[in-house]
Amino acid sequence: MIAFLLRRLGAMLLLLIVVSFITFSLFHFGPADPASAACGQECTPDRVEQARIALGLDKPFFVQYLTYMSGFIMPRMIGAPGAESACAWPCLGKSFQTNENVTDMIANALPFTLSIAIGAVVLWTIAGVGLGLLAAMRKGKAADRIIVGGASVGVSLPIPVTGLVLLLVFVGILHVLPFTSNSINSPFGAAGPWAWVLNYLLPWLAIAILFSAQYIRVTRSNMIETFNEDFMRTARAKGLARRSIVFKHGVRAGITPVVTMLGMDIGGLLGGAVLTEQIFSVPGLGFTAVHAATSGDLPVTMAITMLAAFFIIVASVVVDLVYAAIDPRVRIN
Amino acid sequence: MTSFLSVKDLHVEFPTDDGLVSAVNGMDLSLERGETVGLVGESGSGKSVTTQAIMGLFKDSKARVSGTIDFEGTDLISLSENRMREYRGKKIGMIFQDPLSAMHPFYTVGEQIAEAYRVHNQVSKKAAKEVAVDMLGRVGIPAARSRADSYPHEFSGGMRQRAMIAMALVCEPELLIADEPTTALDVTVQAQILDLISGLQQETNSAVIFVTHDLGVVAELCQRVVVMYGGQCVEQAPVRTIFREPGHPYTRGLMASMPALSDETGRLKPIPGSPPALLDLPKGCLFAERCEVAKLLPEGLCREERPLLRIHGDHEVRCHAHERGLLAVGGPSAAGNMKGESADV
Ligand SMILES: Nc1ncnc2c1ncn2[C@@H]1O[C@H](COP(=O)(O)OP(=O)(O)OP(=O)(O)O)[C@@H](O)[C@H]1O
Ligand SMILES: [Mg+2]
């Protein structure tokens with residue numbers, strides 16, 4: 001168990017280094033010129049050059065990369081020679097655009113992304129797994145057809161479309177929900193949990209509609225498969241009540257693929273719900289990443305990419321652990 | 001006198017996309033307390049469907065079940081799913097062919113046996129666990145206490161089937177249905193499992209329906225044999241009678257196609273031709289297509305008229321030729337014909 005975790009941790013580190021290197025190279029050898037982007041409106045070749053030095057972009061590629069990576073181990077100094085400023089550990093650099101400390105930027109953006117992710121995950125898991133299970137239990141009947149029909153519409157609804165429709169209906173026409181406010185990013189804030197729910201309800205729905213449709217499909221097909229397993233017949237032959245047959249025997253066995261999917265989706269979502277955050281103007285990681293990438297803000301893009309990769313890798317380890325906890329045939333060693 | 005279990009004119013039909021599959025077509029079967037009956041017949045003859053119908057496993061499904069299944073004076077067919085639950089496991093236990101897939105992969109063997117006990121007995125989890133350990137010991141699992149905490153995949157095939165038997169018998173049912181319980185096992189383990197079943201059967205005096213392809217097993221374990229074909233009972237008789245004077249041409253075919261009884265496997269070899277199409281059953285005798293004896297009878301009789309199950313003492317046969325005395329012992333050797341043909345299969 002410990003050996004397993006250590007090995008996964010090692011692999012995780014290695015993978016993160018690879019991700020960082022690739023992102024860094026893409027940026028470095030890509031067409032964007034952060035220096036001219038950073039120097040603003042009245043740019044002269046001179047000032048671009050100054051900016052380049054200030055950002056450290058005049059150094060060789062490997063020096064730049066190693067300098068950046070050293071921030072994960074110790075504090076470092078950033079800025080033009082003579083005008084350096086300190087960047088505390090863990091240092092992810094300073095924004096080329098605003099000179100803000102990237103670690104702080106991430107810390108500010110993360111609660112927004114978390115707010116979106118938590119509610120969306122809860123909603124789609126309950127709706128997706130619940131309806132998928134119901135459809136499997138009523139296979140071929142009216143309820144099943146309605147749910148399956150709904151799901152096939154749901155999977156073809158892109159988030160920008162649902163998002164805009166939701167905004168239009170609930171905010172624009174019905175005026176029953178507020179437009180998302182940037183001052184609320186936690187249920188424990190001054191506005192209280194209810195305001196938090198109302199604030200994020202539409203983003204949650206936009207994500208949940210798409211994801212629950214996928215979860216309905218996966219849950220339904222897995223449960224139908226499981227219901228046909230021999231051990232389900234054995235459970236009936238024991239004289240068990242339908243409830244225990246379905247839940248204790250069926251769901252326990254049929255839910256594992258859904259758990260995997262859920263783990264990976266949560267991991268992915270924590271790296272930023274790019275589309276949703278754009279549509280609802282929520283300044284989370286996805287929103288910040290898009291801005292950074294389009295303005296050539298290397299440190300911010302790097303940081304968010306690596307954080308997203310980190311979440312996905314952690315999710316895959318967690319999924320493996322959960323899998324082993326559910327299925328005794330899976331041995332961790 | 002009414003039997004302990006009496007199945008009469010049982011029909012099971014499955015509506016499918018291609019039409020109605022008639023898997024069981026007027027099956028008759030009876031069983032006395034403490035008796036072991038072998039249910040034989042080639043693949044697809046409806047053995048499993050019959051036993052599952054007795055267990056009520058088609059309730060709440062699309063399958064149509066009709067006829068009577070009289071168990072100790074109660075008609076199981078008319079019972080609701082909920083009432084049927086009181087019989088499953090408690091009065092009728094069932095063992096399946098493949099114990100690995102028939103046990104839940106995520107629960108320990110002990111948990112699964114304890115669960116079977118707790119369904120019908122109001123006891124604590126701990127007490128049920130004790131019963132499970134005890135039961136595992138009775139089916140011959142060494143170190144039962146520690147093995148109870150193992151998962152099915154950690155057992156060998158034979159041990160798993162023992163555990164499955166423990167699960168089926170933990171509530172001491174009066175009827176045990178074993179659907180090919182040894183098919184998935186190798187020969188030596190097979191013999192042990194058979195010994196175990198017959199031992200436990202004598203200990204508890206429960207009745208057993210033993211479904212098998214293996215006439216050797218039947219000879220060893222059963223008092224009576226019921227031969228199924230096309231979802232019907234075509235012949236039933238005490239084991240001795242069946243082996244000495246099989247009445248139905250199909251049974252004769254089975255006997256003839258079987259390697260010598262001393263042969264290790266005793267497994268049935270196929271009879272030429274194929275079973276009747278269950279989507280569109282022939283009007284007459286279901287075996288007529290493949291029957292050598294049908295030719296000896298008046299033109300079209302076998303193809304037009306479904307024979308009835310005729311009772312001759314303790315021997316019942318469903319055959320026009322037998323009815324007319326054409327198949328009396330020493331009569332035209334249908335078995336010989338079959339043998340000749342099956343040799344080149
Ligand atoms: N749920 C179902 N839907 C449709 N047809 C079915 C269903 N269950 C069984 N059948 C059909 O009923 C027939 C009898 O099946 P059954 O399983 O009882 O045969 P069997 O005698 O047990 O054969 P085997 O020796 O191979 O186990 C088969 O042709 C099978 O395809
Ligand atoms: Mg079968």
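The values are calculated or read from the model by the stated rules, or taken from the named source; none is laboratory data. Since we're looking at a predicted model, the values are computed, not measured. Cβ placement follows ideal geometry from the backbone for every residue including glycine, while neighbour counts extend to all protein chains displayed.
With A:ILE245, A:ILE173, A:ILE209 as the choices, which residue is more than 14 Å from chain B (Cβ to nearest Cβ) and surrounded by 15 or more Cβ atoms within 10 Å (Cβ to Cβ)?
Values: A:ILE245 fails: more than 14 Å from chain B (Cβ to nearest Cβ); A:ILE173 fails: surrounded by 15 or more Cβ atoms within 10 Å (Cβ to Cβ).
Of the residues listed, the single one that is more than 14 Å from chain B (Cβ to nearest Cβ) and surrounded by 15 or more Cβ atoms within 10 Å (Cβ to Cβ) is A:ILE209.
Mind checking which residues of the stretch A:123-143 are assigned to a helix (DSSP H, G or I) and touching a residue at least 24 places away in the same chain (Cβ under 8 Å)? Steps first, please.
We begin by selecting, within the stretch A:123-143, every residue assigned to a helix (DSSP H, G or I); these are A:123-137, A:142-143.
Selection gives A:LEU123, A:TRP124, A:THR125, A:ALA127, A:GLY128, A:VAL129, A:LEU131, A:GLY132, A:LEU133, A:ALA135, A:ALA136, A:MET137.
For the stretch B:183-209, how many residues meet the condition of being surrounded by 22 or more Cβ atoms within 10 Å (Cβ to Cβ) and within 13 Å of ligand 1 (Cβ to nearest atom)?
Selection size over the stretch B:183-209: 1.
For the stretch B:1-59, how many residues meet the condition of being within 16 Å of ligand 2 (Cβ to nearest atom) and within 14 Å of another protein chain (Cβ to nearest Cβ)?
10
State whether the residues of the stretch B:10-23 include one that is part of a loop (DSSP other than H, G, I, E, B), at pLDDT below 95 and closer than 22 Å to B:TYR87 by Cα. Let's see the steps before the verdict.
Start the filter on the stretch B:10-23 by keeping residues that are part of a loop (DSSP other than H, G, I, E, B), which leaves B:17-18.
Now narrow it down to the ones that are at pLDDT below 95: B:17-18.
Narrowing the set further to residues that are closer than 22 Å to B:TYR87 by Cα leaves none.
No, every residue in the stretch B:10-23 fails to be part of a loop (DSSP other than H, G, I, E, B), at pLDDT below 95 and closer than 22 Å to B:TYR87 by Cα.
What number goes with the only condition from (1) touching a residue at least 12 places away in the same chain (Cβ under 8 Å); (2) within 11 Å of ligand 1 (Cβ to nearest atom); (3) out of contact with any strand residue (DSSP E or B) (no Cβ under 9 Å at 6 or more places or on another chain) that B:SER22 does not pass?
Result: B:SER22 passes all but (3).
Please specify each residue of the stretch B:161-195 satisfying the condition of being without any contact (Cβ under 8 Å) to a residue 12 or more places away in the chain and among the charged types (D, E, K, R).
B:ASP195
What helices (runs of 4 or more DSSP H), lying completely within the stretch B:44-108, carry at least 1 residues that are among the polar types (S, T, N, Q) and within 16 Å of ligand 1 (Cβ to nearest atom)? Even if it seems obvious, please write down each step before you answer.
Working: elements: B:47-54, B:81-84, B:99-102.
Here the list reads B:47-54, B:99-102.
Would you check if there is a residue in the stretch B:237-252 being more than 16 Å from ligand 1 (Cβ to nearest atom), buried (at least 22 other Cβ atoms within 10 Å of the Cβ) and without any contact (Cβ under 8 Å) to a residue 40 or more places away in the chain?
To start, the set of residues in the stretch B:237-252 that are more than 16 Å from ligand 1 (Cβ to nearest atom) comprises B:237-249, B:252.
In the following step, the residues that additionally are buried (at least 22 other Cβ atoms within 10 Å of the Cβ) were identified as B:237, B:242, B:246-249, B:252.
Still in the running and without any contact (Cβ under 8 Å) to a residue 40 or more places away in the chain: B:242.
The answer is yes, given that some residue of the stretch B:237-252 is more than 16 Å from ligand 1 (Cβ to nearest atom), buried (at least 22 other Cβ atoms within 10 Å of the Cβ) and without any contact (Cβ under 8 Å) to a residue 40 or more places away in the chain.
For (1) in contact with an Asp or Glu (Cβ under 6 Å, 6 or more places away or on another chain); (2) hydrophobic (A, V, I, L, M, F, W, C); (3) assigned by TED's automatic domain parsing to the domain that holds A:PHE287, each residue gets a yes or a no:
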| residue | (1), (2), (3) |
| --- | --- |
| A:GLU42 | no, no, no |
| A:LEU57 | no, yes, no |
| A:PHE61 | no, yes, no |
| A:LEU66 | no, yes, no |
| A:ARG76 | no, no, no |
| A:ALA83 | no, yes, no |
| A:ALA107 | no, yes, yes |
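State all residues of the stretch B:102-154 that are within 13 Å of chain A (Cβ to nearest Cβ) and surrounded by fewer than 16 Cβ atoms within 10 Å (Cβ to Cβ); if no residue qualifies, say none.
Hits for the stretch B:102-154 are B:ASN121, B:ASP149, B:HIS153, B:GLU154.
Sort out for me the helices (runs of 4 or more DSSP H) sitting completely within the stretch A:217-333 that have 3 or more residues that are under 20 Å from the mean Cα position of the chain (by Cα). Quick ask: steps written out before the conclusion?
Details: elements: A:230-237, A:256-270, A:274-279, A:285-294, A:298-326.
Filter on the stretch A:217-333 gives A:256-270, A:274-279, A:285-294, A:298-326.
Considering only helices (runs of 4 or more DSSP H) fully contained in the stretch A:16-111, which possess at least 2 residues that are of a type in the set (Gly, Ala, Ser) and in contact (Cβ under 8 Å) with a residue 12 or more places away in the chain?
Working: elements: A:34-38, A:45-54, A:61-70.
Output list reads A:34-38, A:45-54.
Scan the stretch B:25-43 residue by residue and report those that are surrounded by fewer than 24 Cβ atoms within 10 Å (Cβ to Cβ) and within 8 Å of ligand 1 (Cβ to nearest atom).
Within the stretch B:25-43, B:GLU42, B:SER43 qualify.
Specify the residue that is nearest to the other protein chains (Cβ to nearest Cβ); the eligible residues are those in the stretch A:212-230 that are buried (at least 24 other Cβ atoms within 10 Å of the Cβ) and within 30 Å of B:PRO99 (Cα to Cα).
Looking at the filtered set, the residue picked out is A:MET223.
Please find, among B:ASP98, B:ASP75, the residue that is within 11 Å of chain A (Cβ to nearest Cβ) and either under 22 Å from A:PHE247 (Cα atoms) or among the acidic types (Asp, Glu) (or both).
On the way: B:ASP75 fails: within 11 Å of chain A (Cβ to nearest Cβ).
The unique qualifying residue is B:ASP98.
Can you pull out the residues in the stretch B:192-245 that are hydroxyl-bearing (Ser, Thr, Tyr) and out of contact with any Leu (no Cβ under 7 Å at 6 or more places or on another chain)? Before the answer, list the steps.
Initially, the stretch B:192-245 is screened for residues hydroxyl-bearing (Ser, Thr, Tyr), giving B:198, B:204, B:206, B:212, B:229, B:241.
Matches in the stretch B:192-245: B:THR204, B:THR212, B:THR241.
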